Amino acid sequence: MKINFKKTYKFAIKSALYISLFTTGFVMMLMSLFYKNQLKHQIAFALIFIISVYIFSFLVLQYRVERFIYRRVKKIYDEVSLLESTTLINQPITTDMETLSREVKKFATDKKLEIEMLEIREQYRREFLGNVSHELKTPLFTVQGYVSTLLDGAMDDKNIRKKYLKRAEKGVERLIYIVEDLDMITKLESGDLDLLITDFDIVELIENVFDLLEMKADKKKIKLAFESKNIKSLFVRGDQDRIQQVLENLIVNSIKYGKDEGLTEVGVVNLTKKKVLIRISDNGEGVEKQNIPRLFERFYRVDKSGTRSEGGSGLGLAIVKHIIEAHKEKVYVESEFGIGSEFSFTLEKAHKTQKAEVNLL
């Protein structure tokens, strides 16, 4: 690789000036002592002398800079140039120590950040692969176990055959559920999933989700309530199907980790003329403070035990985060261990709703 060099003459210029001034002053002092009353000759001599000393000093010093410093700096750049991606080699090489120090410091900081990011990604990759294999392994082994049992002779018993096939079917359904969620989150992360933005009534959508999840909540005797009873209708802008998925995931999560005979409340809050906040709160287990920042990671579970008392792909909250961010909105979580949790997200109000509010004002 060809490297451009940018020489600096600042050191040699200043040093040569200092030497010239000192030697000229010293010689002039000697001449004033030995050659009095010859000021004109002294001035002419001084000019010739200072120019000669300055040129000589400059050449010697600049040569020394090149020999002693410049070549060593070049060696540093040559070694750094092995890293083709660095921005340091895209700049002319300088022998100015201040500039070089600044460039090397910036290079070292950038490399440190890159290494830290690579370590984080590697750790994330290991965790992700481990989680995927664990989530897929459980239903696969379940299906395999029931099918093997049937093939070993249990298939002759009609009752056992029907029971085991139903259980195997549930395992296959769980596999399909996990794969579909993985496909969904992959599309969301890559931006391949197009959103169909329309105006819809968020209150009506919440009531529809309540109807869908009523039986699931009844199993744990959890009451589903809409706390904003004074709001009969409120139109927002977004992809209705995706926002319904967000509500379902958050409410299912609330039911899953809620206590028996508990309460899950959904509220709608008018934040501004353009924004609305949807809140999903419960009085369930809650989450410990150190776990809250990782809740939206794929497959992250607060419960690290091998058992899965509750179903789910482990991707629900990650999908929620990506759908809301695809709408260019924000999702929030507050939780206190042993007391409960609250998840909330913002949405843009529909334009006609904004006009109606302006008219009312």
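Points to keep in mind about this one:
- Number of positions in segment 255-287 that are open to solvent by 70 Å² or more (accessible area, probe 1.4 Å) and over 24 Å from Ala217 (Cα atoms): 5
- Unmet criterion (only one of (1) within 20 Å of the chain's Cα centre (by Cα); (2) at pLDDT below 90) for Ile323: (2)
- Segment 141-161, residues that are within 52 Å of the chain's Cα centre (by Cα) and open to solvent by 100 Å² or more (accessible area, probe 1.4 Å): Phe141, Gln144, Leu151, Asp152
- Test: Ile255 is under 23 Å from Val333 (Cβ atoms), assigned to a strand (DSSP E or B) and touching a helix residue (DSSP H, G or I) at 6+ places or on another chain (Cβ under 7 Å): no
- Pairs linking a residue in segment 314-339 that is over 24 Å from Arg237 (Cβ atoms) to a residue that is assigned to a strand (DSSP E or B), with Cβ atoms under 9 Å and 6 or more positions apart or on different chains, are Glu334/Ser281; Glu334/Ser341; Glu334/Glu342; Glu334/Phe343; Glu334/Ser344; Ser335/Ser341; Ser335/Glu342; Ser335/Phe343.
- Leu118 meets the conditions (1) modelled with pLDDT under 80; (2) open to solvent by 100 Å² or more (accessible area, probe 1.4 Å); (3) within 26 Å of Phe299 (Cβ to Cβ) in every case but one. The failed one is (1).
- Checked against the criteria, Phe226 does not count as open to solvent by 30 Å² or more (accessible area, probe 1.4 Å) and at pLDDT 90 or above.
The values are calculated or read from the model by the stated rules, or taken from the named source; none is laboratory data. Since we're looking at a predicted model, the values are computed, not measured. Because the Cβ atoms are built from the backbone with ideal geometry, glycine has one as well, and the counts that use them run over all protein chains shown. SASA here: full protein model, heavy atoms, side chains in, ligands and nucleic acids out. Shrake-Rupley method; radii C 1.70, N 1.55, O 1.52, S 1.80 Å.
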